[in-house]
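Notes follow once the structure below has been shown.
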Amino acid sequence: MEGVYGSVLFASKAEITNISLGGVAIQVDANLKIGKEYNIRLEGKNKHIEIKGIAVWSVLSESQKGAHGDVIPIYHAGIEFANVLTNKTAELVDFIENHKIKGTEDRLRGLRFKIHMPEKATVDYSFGYRVKLISFGGMLIETMHLFKPEDRFPMEIALNDGSVIRFVGRVASCIEIADKHPTHYDIGVEFKDMSAEDKQKIEEFIRSISKT
């Protein structure tokens, strides 16, 4: 199938290690792409704030063992805030004041404050995939990202006519494609939580390509 692509919205948990009005350093289990914009939710004691930021560095720092014995890479990354000098300044100042180590010199721009305890954050990002096969109930996609069976993610498909299909995708299978570098995977995805309107679009699309 040619020319049909989509995207997956992924949320990765992170820990804030230090922060300033200009940006934040985090520890996260995903390798952030330099120059890509991400949506970051800083989760504080009493509230959270959402800020967009650009990844400026990301380095592999360690690995941890997952619940099923798998190895999880851990990265340290730096994110430069994109909209903090507009409507987010007051919220961010308040966040820093409530979470910085006591006695830290009271300067904001240019100084990263150490956090008293590692505070939580969530990094939202999307990545693309190519649709190889599609049916009324699901699809086979190709991507560079490894998925685990039974994982569920918000997903989109951009059809050839410009329309966009949105749904939750359940990972049914994940197989590494042999002899392909860098590594790619064939992922079987089952459609879940798709609106009636989008189901109709999928059906019409499948009927149209079956005639060609």
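The values are calculated or read from the model by the stated rules, or taken from the named source; none is laboratory data. Since the structure is predicted, the reported quantities are computational estimates derived from the model, not experimental observations. Please note: Cβ atoms are built from the backbone with ideal geometry, for glycine as well, and neighbour counts cover all protein chains shown. Just the protein is used for accessible areas: all its heavy atoms, side chains included, with ligands, DNA and RNA removed. Shrake-Rupley method; radii C 1.70, N 1.55, O 1.52, S 1.80 Å.
Taking the criterion of being in contact with a Phe, Trp or Tyr (Cβ under 8 Å, 6 or more places away or on another chain) and either open to solvent by 60 Å² or more (accessible area, probe 1.4 Å) or more than 19 Å from residue 155 (Cα to Cα) (or both), the only residue of the range 200-212 that qualifies is 203. Of all the residues that make up the range 166-183, how many are more than 14 Å from residue 131 (Cβ to Cβ), open to solvent by less than 60 Å² (accessible area, probe 1.4 Å) and not small (Gly, Ala, Ser)? Of the residues in that region, 6 qualify.
The lone criterion from (1) open to solvent by 40 Å² or more (accessible area, probe 1.4 Å); (2) farther than 23 Å from residue 124 by Cα left unmet by residue 156 is number (2).
Taken together, the residues in the range 124-151 that are part of a strand (DSSP E or B) and over 15 Å from residue 7 (Cβ atoms) amount to 5.
In a strand (DSSP E or B) and either modelled with pLDDT of 85 or more or farther than 29 Å from residue 129 by Cβ (or both) - does that describe any residue in the range 87-104? Yes - at least one qualifying residue is present in the range 87-104. Somewhere in the range 165-180, is a residue in a loop (DSSP other than H, G, I, E, B), out of contact with any Gly (no Cβ under 6 Å at 6 or more places or on another chain), among the acidic types (Asp, Glu) and under 24 Å from residue 13 (Cα atoms)? No; the residues of the range 165-180 include none that is in a loop (DSSP other than H, G, I, E, B), out of contact with any Gly (no Cβ under 6 Å at 6 or more places or on another chain), among the acidic types (Asp, Glu) and under 24 Å from residue 13 (Cα atoms). If the condition is being modelled with pLDDT under 85 and small (Gly, Ala, Ser), then the range 24-56 contributes 30, 44. In the condition set (1) among the acidic types (Asp, Glu); (2) part of a loop (DSSP other than H, G, I, E, B); (3) in contact with a strand residue (DSSP E or B) (Cβ under 7 Å, 6 or more places away or on another chain), residue 161 is compliant with all but (3).
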